[in-house]
């Protein structure tokens with residue numbers, strides 16, 4: 001279908017403005033989907049240990065002298081923090097510690113992933129215990 005439409009030059013600026021707005025909307029939608037995809041990939045790899053093997057950006061890895069690495073799964077990071085603390089911690093406390101190692105991580109992303117994986121792992125009852133504390137708060141600790 002190669003039908004040509006004739007648009008008066010006086011109307012062209014309105015059409016271009018509309019296209020620019022639409023492109024901005026599309027870019028926002030793509031960014032939202034990219035973030036959601038990253039969250040899902042992280043959850044999948046933290047739960048079953050698999051990696052989906054798709055990298056859309058260069059991530060510089062590092063390993064601290066104490067063994068912490070930004071390449072660890074969310075679950076491995078949580079276990080590292082809990083082992084270091086030697087006591088049960090809330091999700092917020094665990095995320096605070098992770099952010100002290102990796103300042104570039106979005107707090108909301110880290111909180112959602114840590115909360116999700118610790119909930120799953122505590123329900124499995126193998127490596128993580130869940131402790132209810134006052135109100136809605138809960139702490140997680142190593143078995």
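Listing for the model above:
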item: Residue match in region 62-77 (condition: over 25 Å from residue 34 (Cβ atoms), touching a strand residue (DSSP E or B) at 6+ places or on another chain (Cβ under 7 Å), modelled with pLDDT of 85 or more and surrounded by 13 or more Cβ atoms within 10 Å (Cβ to Cβ)); result: no
item: Selection count where residues are touching a residue at least 24 places away in the same chain (Cβ under 8 Å) and touching a helix residue (DSSP H, G or I) at 6+ places or on another chain (Cβ under 6 Å), scope region 71-85; result: 5
item: All positions within region 78-91 that are outside any helix (DSSP H, G or I) and in contact with a strand residue (DSSP E or B) (Cβ under 8 Å, 6 or more places away or on another chain); result: 87, 88, 89, 90
item: Residue among 117, 94, 105 that alone is closer than 16 Å to residue 68 by Cβ and either at pLDDT 90 or above or in a helix (DSSP H, G or I) (or both); result: 94
item: Positions within region 125-143 being exposed (fewer than 10 other Cβ atoms within 10 Å of the Cβ) and either modelled with pLDDT of 90 or more or within 16 Å of residue 84 (Cα to Cα) (or both), in sequence order; result: 143
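The values are calculated or read from the model by the stated rules, or taken from the named source; none is laboratory data. This one's a predicted model, so the numbers in the text were calculated from it and none came from an experiment. Here Cβ is always computed from backbone atoms with ideal geometry, including for glycine, and neighbour counts include all displayed protein chains.
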